[in-house]
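Trainee: My questions all concern the structure below.
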Amino acid sequence: MLTPDQLTLTNIRNELDRISNEMIALIQKYNLDASSSLEIIVVARTKISEPQDYIRFLELSLEGRIYGEAAEMLEKATITDDDYNTTH
């Protein structure tokens with residue numbers, strides 16, 4: 001996990017890439033074929049046979065959500081009224 005002073009958009013994107021790569025490996029390993037993101041936890045609970053892999057899957061899910069929310073907050077905090085007016 002990044003420390004608070006490391007929370008930059010670049011660092012967060014790098015962490016999200018790392019998380020995505022690890023998640024993809026678990027998805028492929030256990031052939032997690034949920035039809036929507038809302039079903040993925042149920043499918044993972046059913047198909048992931050190794051407890052440590054299931055725990056890691058949940059950890060990665062949570063980390064991804066936390067980093068996604070942090071990136072969103074940083075993006076909102078760095079957009080000024082002038083930036084908004086020039087893009088809209």
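The values are calculated or read from the model by the stated rules, or taken from the named source; none is laboratory data. Everything numeric in this text was worked out from a predicted model, so none of it was measured. Heads up, the Cβs are rebuilt from the backbone with ideal geometry, glycines too, and the neighbour counts pull from every protein chain shown. With ligands, DNA and RNA removed, areas are computed over all heavy atoms of the protein, side chains included. Shrake-Rupley method; radii C 1.70, N 1.55, O 1.52, S 1.80 Å.
Trainee: Return a yes/no flag: does the range 16-33 have any residue that is under 18 Å from GLU75 (Cα atoms) and either modelled with pLDDT of 95 or more or open to solvent by less than 70 Å² (accessible area, probe 1.4 Å) (or both). Steps first, please.
Mentor: Filtering the range 16-33 for residues under 18 Å from GLU75 (Cα atoms) gives 16-17.
Of the ones still in play, those that are also either modelled with pLDDT of 95 or more or open to solvent by less than 70 Å² (accessible area, probe 1.4 Å) (or both) are 16-17.
Yes, because at least one residue in the range 16-33 is under 18 Å from GLU75 (Cα atoms) and either modelled with pLDDT of 95 or more or open to solvent by less than 70 Å² (accessible area, probe 1.4 Å) (or both).
Trainee: Run down THR46, THR10 and say which single residue is under 20 Å from TYR67 (Cβ atoms), of a type in the set (Ser, Thr, Tyr) and open to solvent by 50 Å² or more (accessible area, probe 1.4 Å). Can you show your working first?
Mentor: Details: THR46 fails: under 20 Å from TYR67 (Cβ atoms).
Exactly one of THR46, THR10 is under 20 Å from TYR67 (Cβ atoms), of a type in the set (Ser, Thr, Tyr) and open to solvent by 50 Å² or more (accessible area, probe 1.4 Å), namely THR10.
Trainee: Further question: If you go through the range 1-34 one residue at a time, how many are in contact with a helix residue (DSSP H, G or I) (Cβ under 9 Å, 6 or more places away or on another chain) and not in a helix (DSSP H, G or I)?
Mentor: Counting residues in the range 1-34 that are in contact with a helix residue (DSSP H, G or I) (Cβ under 9 Å, 6 or more places away or on another chain) and not in a helix (DSSP H, G or I) gives 9.
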